[in-house]
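One structure, as structure tokens, below. Some questions next.
The values are calculated or read from the model by the stated rules, or taken from the named source; none is laboratory data. Since the structure is predicted, the reported quantities are computational estimates derived from the model, not experimental observations. Neighbour counts run over all protein chains shown; Cβ positions are idealised from the backbone, glycine included. We work out accessible area using only protein heavy atoms, side chains counted, and drop any ligands, DNA or RNA first. Shrake-Rupley method; radii C 1.70, N 1.55, O 1.52, S 1.80 Å.
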Amino acid sequence: MEPAKAAFFDTQIHTEWASAPYTLPERTRLQSVLSSVGLKAGMKILEPGCGVGRLTEMMAREVGPGGFVLAVDMSKKMVEECARRMASYGNSKVIHAALEDGEVSARAYDLVVCHNVFHHFRDKGAVLRKLSATLKENGSILIFHFFNSSQINDRKRKISAAVLNDTMPSPSEMEALLQSAGLTIRTFCDDDNGYMLDARVCTQLERCGKLQTCAGHLQVYDSYRQTAAL
């Protein structure tokens, strides 16, 4: 746990970026991205950095009573707000913890969704290895931001010293981190429409070295780009 960072996010629960309802374009983009990674009824989803639960609620509705969403956040106040939002849903659980420090069940989840949070992880390689270990065979991890990496990494946009050094890796650095975690990229987009990366658990064939790198899997998800332009 990073106390200064957790304390900072505790102060943010009523800010517009953290708690305002999604706009129609934002909701449309989220639905498009989640659809692109195959979100469907019955899935088990892990959501690190759930915040106040806006996306948690969307996904709980999508997976239905046969699915499950585990929402995790380091901010106690964010978790309390998320828990209140999700109180009427029987297919979710909200936990106060730093993902880096907590234990998560192995091979239990179909999808990991990191929305507007990945740059905040202290040790991104360790986080990706932990997240990869939670995924079932053919499971996926989605990293998605409404802003692109240049905007995320712009120090002038940082509103607290607690998050001043929280940045997104370069594409080559991210590729290496994913490979070391046993993940291969399916879709990647980082432009004026935001940041989206979809990676899946490598097959045994890929682990044997038949595919040397993830580079051949890099592509732009056209439907996402079109939706983001709304």
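Among the residues of region 96-110, write down those that are within 16 Å of Gly51 (Cβ to Cβ) and modelled with pLDDT of 95 or more.
Once the filter is applied, which keeps residues that are within 16 Å of Gly51 (Cβ to Cβ) and modelled with pLDDT of 95 or more, region 96-110 yields only His96.
Are any residues in region 159-169 open to solvent by less than 40 Å² (accessible area, probe 1.4 Å), at pLDDT below 95 and either of a type in the set (S, T, N, Q) or out of contact with any His (no Cβ under 7 Å at 6 or more places or on another chain) (or both), and if so, which ones?
Passing the criteria: Ser160, Ala162.
Scan region 64-84 and give yes if some residue there is within 17 Å of His145 (Cβ to Cβ) and modelled with pLDDT of 95 or more, otherwise no.
yes
Here's another thing I want to ask about it. Look at region 83-139 and say how many of its residues are over 16 Å from the mean Cα position of the chain (by Cα), surrounded by 19 or more Cβ atoms within 10 Å (Cβ to Cβ) and in a strand (DSSP E or B).
1
Then there's this: Just to be sure, is Leu46 part of a strand (DSSP E or B) and free of Cβ contacts under 8 Å to residues at least 40 places away in the same chain?
Taking the combined requirement at face value, the residue does not satisfy it.
So, one more: How many residues does region 1-17 contain that are more than 16 Å from His96 (Cβ to Cβ) and surrounded by 15 or more Cβ atoms within 10 Å (Cβ to Cβ)?
Total satisfying the criteria: 0.
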